[in-house]
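Below: the structure, in structure tokens.
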Amino acid sequence: QVRLVESGGGSVQAGGSLRLSCAASGSTFNNYCMGWFRQAPGKEREGVAAIDSDGFLSYIDSVKGRFTISKDNAKNTLFLQMNSLKPEDTAMYYCAADPDVLDGLGTVEYRYWGQGTQVTVSS
């Protein structure tokens, strides 16, 4: 099965940037749909950005224009570039993957998950 390991989280001030990485192993990376999700304390997990096997991108409205999802197939790595960060972006960020996803931002769609990386944005 697929193993996912996130990295790149940290603490930044509002307006700053972070780049999250997700290293994948154990299966065919190119044929998987992959996404980034986040969960803040007391809140439900929400889809942030996703990219399917055909390269179709999807973003939650609140991050459009600020976040960019991409992947490097040669390195089996998924990225999330986060710019103009806001305090409301503070959450644990998770990488997820699935061989067949219909709704890229749907949490139930994904069967493989990483352990998460914390992102904290101060005002």
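The values are calculated or read from the model by the stated rules, or taken from the named source; none is laboratory data. Small disclaimer: the values here were computed from a predicted structure and weren't measured. All accessible areas refer to the heavy atoms of the entire protein, side chains included, with ligands and DNA or RNA removed. Shrake-Rupley method; radii C 1.70, N 1.55, O 1.52, S 1.80 Å.
Not counting ligands, DNA or RNA, and with a 1.4 Å probe, what is Arg3's accessible surface area in Å² rounded to the nearest 10?
In the full protein context, Arg3 sits at about 140 Å².
For the chain, what's the relative contact order in percent, using C-alpha pairs closer than 8 Å and at least 6 residues apart?
Numbers: 312 pairs, mean separation 44.8, N = 123.
Computed value for the chain: 36 percent relative contact order.
Check cross-link reach from Lys43 to the lysines: straight Cα distance under 22 Å, and skip same-chain residues fewer than eight apart.
Cross-link targets: Lys64, Lys86.
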